[in-house]
1. Could you please let me know if Y52 is aromatic (F, W, Y), loosely packed, with under 13 Cβ neighbours inside 10 Å and modelled with pLDDT of 90 or more?
2. Whether any residue in segment 61-72 is modelled with pLDDT of 95 or more, touching a helix residue (DSSP H, G or I) at 6+ places or on another chain (Cβ under 9 Å) and not aliphatic (A, V, I, L, M) is what I want to check.
3. Which condition number in (1) exposed (fewer than 12 other Cβ atoms within 10 Å of the Cβ); (2) of a type in the set (D, E, K, R); (3) in a strand (DSSP E or B) is the one that K10 fails?
4. Which of (1) part of a loop (DSSP other than H, G, I, E, B); (2) open to solvent by less than 60 Å² (accessible area, probe 1.4 Å); (3) in contact with a strand residue (DSSP E or B) (Cβ under 6 Å, 6 or more places away or on another chain) does E16 not meet, given it meets every other one?
5. Across segment 59-73, which residue is nearest to E29 (Cα to Cα) among those that are in a loop (DSSP other than H, G, I, E, B) and open to solvent by less than 40 Å² (accessible area, probe 1.4 Å)?
6. Residues in segment 41-50: is at least one part of a loop (DSSP other than H, G, I, E, B) and touching a residue at least 24 places away in the same chain (Cβ under 8 Å)?
7. Give just the number: which of (1) under 14 Å from the mean Cα position of the chain (by Cα); (2) assigned to a loop (DSSP other than H, G, I, E, B) does K32 not satisfy?
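The values are calculated or read from the model by the stated rules, or taken from the named source; none is laboratory data. Remember, predicted model here, so these are calculated numbers, not experimental data. Please note: Cβ atoms are built from the backbone with ideal geometry, for glycine as well, and neighbour counts cover all protein chains shown. Heads up: the accessible areas ignore ligands, DNA and RNA and are worked out on the full protein's heavy atoms, side chains in. Shrake-Rupley method; radii C 1.70, N 1.55, O 1.52, S 1.80 Å.
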Amino acid sequence: IFSETPVLFKQELQNEEAKEGKQVRLTCELSKPGTPVKWMKGDTVLYASEKYEFKQQGTVAELIIRDVKSVDA
């Protein structure tokens, strides 16, 4: 029986600070490249938009939040 190795975080998200109206970049690193990533705020799934941009290269996944507001904390 083939058992796939679970994907783990090599580097978890770190808190980032940004001034309101600016952008912030959140980054995590996974143990397996190309793993699909779902970004969430609490129980809400985030989708790509003018506010949210997702990037993924190899094992590194990034979320860019534009026009940061206090509700984005």
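1. Here the answer is no, as Y52 does not meet what is asked.
2. Looking through segment 61-72, none of the residues is modelled with pLDDT of 95 or more, touching a helix residue (DSSP H, G or I) at 6+ places or on another chain (Cβ under 9 Å) and not aliphatic (A, V, I, L, M).
3. Of the numbered conditions (1) exposed (fewer than 12 other Cβ atoms within 10 Å of the Cβ); (2) of a type in the set (D, E, K, R); (3) in a strand (DSSP E or B), the odd one out for K10 is (1).
4. Evaluating E16 over (1) part of a loop (DSSP other than H, G, I, E, B); (2) open to solvent by less than 60 Å² (accessible area, probe 1.4 Å); (3) in contact with a strand residue (DSSP E or B) (Cβ under 6 Å, 6 or more places away or on another chain) leaves (2) as the failure.
5. T59
6. Scanning segment 41-50, I find no residue that is part of a loop (DSSP other than H, G, I, E, B) and touching a residue at least 24 places away in the same chain (Cβ under 8 Å), so the answer is no.
7. Among (1) under 14 Å from the mean Cα position of the chain (by Cα); (2) assigned to a loop (DSSP other than H, G, I, E, B), K32 violates only (1).
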